[in-house]
1. In chain A, which whole DSSP H runs stretch at least 15 Å along their own axis (Cα) and average 1.6 or higher on the Kyte-Doolittle scale?
2. Order the peptides B:69-75, A:2-8 from the highest to the lowest mean number of other Cβ atoms within 10 Å of their residues.
3. Please list, or write none, the aspartates and glutamates whose alpha carbon is within less than 16 Å of the alpha carbon of B:K263, excluding same-chain residues fewer than 8 places away.
4. Rank by packing, highest mean first: peptides A:13-21, B:22-30, B:131-139, with packing defined as the count of other Cβ atoms within 10 Å averaged across residues.
5. I'd like the carbon and sulfur percentage of the solvent accessible area for segment A:180-234, probe radius 1.4 Å, heavy atoms only, ligands and nucleic acids excluded.
6. What accessible area, summed over both chains, is buried at the B-A interface (1.4 Å probe, Å², nearest 100)?
7. In a Gaussian network model over chain B where Cα atoms closer than 10 Å are linked, find which of B:Y238, B:Y262, B:Y122 has the largest mean-square fluctuation.
8. Could you work out the mean count of beta carbons from other protein chains within 10 Å of each residue's beta carbon in A:65-74?
Amino acid sequence: MSLLTAQNVYAGYGEADILQGINLQVGGDEIVVIVGPNGAGKSTAMKAIFGLVPIRQGHIEYVGEDITNQPPERMVARGIAYVPQEANVFPSLSVLENLELGAYSISGDITPRLEKVYEIFPRLRERRQQQAGVMSGGERQMVAMGRALMIEPRLLMLDEPTAGLSPRLIDETFERIREINALGIGVLMVEQNARQALGIANRGYVLAGGANRHEDTGPALLADPDVATMFLGG
Amino acid sequence: MWIEVTQLFLNGLLLGSILALGAVGATMIFGVLRFAHFAHGDLMTMGAYFALLVVVGLNLPVMVALPIAMLMTAALAVGIDQVVYRRIRRVQPVILLISSFATALILRAVVQMIWGSSNQVYATGIQLPWRLGPLTIKPDHVLIFCTATLLVIAVHLFLSRTRMGKAMRAMSDNMNLALITGIPADRVIMWTWAIGGALAAAAGVFLGMDTRLHPVMGWTLLLPVFAATIVGGIGRPYGAIFGGLLIGCAMELSTLIIPGAYKPAVAFAIMILTLIFRPQGIIKGAL
Ligand SMILES: Nc1ncnc2c1ncn2[C@@H]1O[C@H](COP(=O)(O)OP(=O)(O)O)[C@@H](O)[C@H]1O
Ligand SMILES: [Mg+2]
C-alpha cells in the first residue's frame, strides 16, 4: 500500500515555482531515494511534502488522506518525521533533551521509545548528557535521526543524512537506515552519495530542474547508462 | 578603602540581582521571538505599581503582594502579546521593536494616569540597618537578594527540568527545527511572556522596595538590563544572570572613581565593549 504520494506538485519560495510538477510515491516498507544535481529542488520537495514550503498546485496524500499544505505540527501528529539537511539538532541542548523534545507531542512515558533509539544508536546512550552542538558531524546526524524516531514514525524523511561524513560513517549510516526500515518504517531520503543510496533503495527518483527525470528500482537506475553518465558521475 | 569596596560590592550584588531578573526575561523573549522588548522596563514599573495597589488596597505586606503582582504582570504581558505583538510577528522584527517602544510609552502613561507622577513608597518609616563590623546591610536588601536568588533557581529548574522549559530553550536554539519537531510555538510564546512578565514584576517590586516608586523607574533600568543580556550573550538565560550581576557590581563600584550620575554610562560602556570585542557574550559555551 502506498504510504505517501505526491502528485504533480508545484511549489516554490517566492514568485517562481521551484518544483514544476513532481510525482513521488513511498510504500509502507520501502526505502525510496531522491537523487539529482545540486539545486534540482530535492530539499524543496521534502519541505513541500512536510508543509514548510507552500504547494501551489497538485497534492500530497498520506495513507489515503489529503495532507497538502498542512502545518508541520499536523504531520508529526500523523506519524511523519523529517530530518532537514542542515541545522538538524538543538545545539545548546543535551542529547537526551534533543530526544525528549522529539517526543514533545507524545503524552505518557517516553522511556520505551528512548530505549529503542538507544538500541539503534548505542553511542547516544553513552553521550546522552553531551551538548549536541559540540558533537562531531556523525554524532549530530545520529541525534537528528534519533530525535525524529522518537515519535515512532511510519514515514521518516531524511535530507542528505550522510553529507560531510567519512566513508566509514557513511556506510554505518546507511546500515542504520536499513535497520530503521526493517522496523517497518518507510524511508524517503535525499542523497548525494547516489550510488550507495540507490544500492540500499527499493526505488529511486532522479530529479532535475524541479521535475522527475527518471524513476525505477534502485538496481535498475544504477544499471541505466543515461542515469549513470548524467547523474551518477559516469 | 576595602571597606568601601566591599560595601559597594554588596550594593552591586543587590542591584545586580534586580537587573538579572529583568535580563532573564528580556533575553528569553529575545531568544524565542527575536526582538529586543523595549517595554520590558515598563513591565517592571507596572509590576511595582500592581504591588502598591495590593499593599495599599488590602493593607498587606509587600512580600505578600509580590506574588500577586507577578501574576498580574504575567497576565498583562501575555495580554499585550495577544493584542499587539502576535498580529505583527510575521513582519520584520524592526516593526515589533518599534511597537514595543510604543507599548512602553503607553504603559508609562497609564501608570501616570492611575497613580500620578510623584514618588511613592511601599512602607514609610526607616529600617534600622544591620551592622556587620564596619559594613551596613539593610534587612530588606537581604530579603531582596534571597528572594531574587530563589526566583532565579526556580527559573533554572523550569528551564532544565520541565517539558515547556526545554521547549522554550529549543525554540530559542533553532526555531525552524522546533517547528519541524511539532513543538507548539504559540504555547511556548505565551509561557515566555508569562515568565518574562512575572520576573519583570519582581524586579520592579524589589527596585521599589530598595528606592521608591515612580513612573519612569523601569524605563531608566532598561539600558542596564539590555546591557546585562548582551554581556551574557543575547538569548541565553544563564548568561543574563551573570550579566546582571556583573553590570550591577560594575555600576556600583564605578562610583569609586566617577560620579554616581554616570552609573548608566558604565553599563552602556560595558555593553559597547562587549559588542565590539565579544558580540556573542563574554562567557564561553552555549548555555
Ligand atoms: N529558502 C529559499 N528561498 C529561496 N530560494 C531557495 C530557498 N531554498 C532553496 N532555494 C532555491 O531553490 C532551488 C532548489 O533548491 P534545493 O531544493 O535546496 O535544491 P537541492 O536540495 O536539490 O540541492 C535552488 O535554486 C535554490 O537556490
Ligand atoms: Mg538539498
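The values are calculated or read from the model by the stated rules, or taken from the named source; none is laboratory data. From a predicted model like this one, the values you see are computed outputs, not experimental measurements. No Cβ is skipped: glycine too gets one built from the backbone with ideal geometry, and neighbour counts run over all protein chains shown. Protein only, heavy atoms only, side chains kept; ligands, DNA and RNA dropped before computing areas. Shrake-Rupley method; radii C 1.70, N 1.55, O 1.52, S 1.80 Å.
1. Numbers: long enough: A:137-149 (18 Å, -0.14); A:167-182 (23 Å, -0.71).
For chain A, where a helix must reach 15 Å along its axis and average at least 1.6, there are no hits.
2. By packing density, highest mean first, the sequence is B:69-75, A:2-8.
3. B:K263 reaches B:E252.
4. Numbers: A:13-21: 14.1, B:22-30: 29.8, B:131-139: 11.8.
Ranking the peptides A:13-21, B:22-30, B:131-139 by packing returns B:22-30, A:13-21, B:131-139.
5. 52
6. Working: alone 13760 and 10610 Å², together 22440 Å².
Separately minus together, B and A give about 1900 Å² buried.
7. So, out of B:Y238, B:Y262, B:Y122, the one fluctuating most is B:Y262.
8. 2
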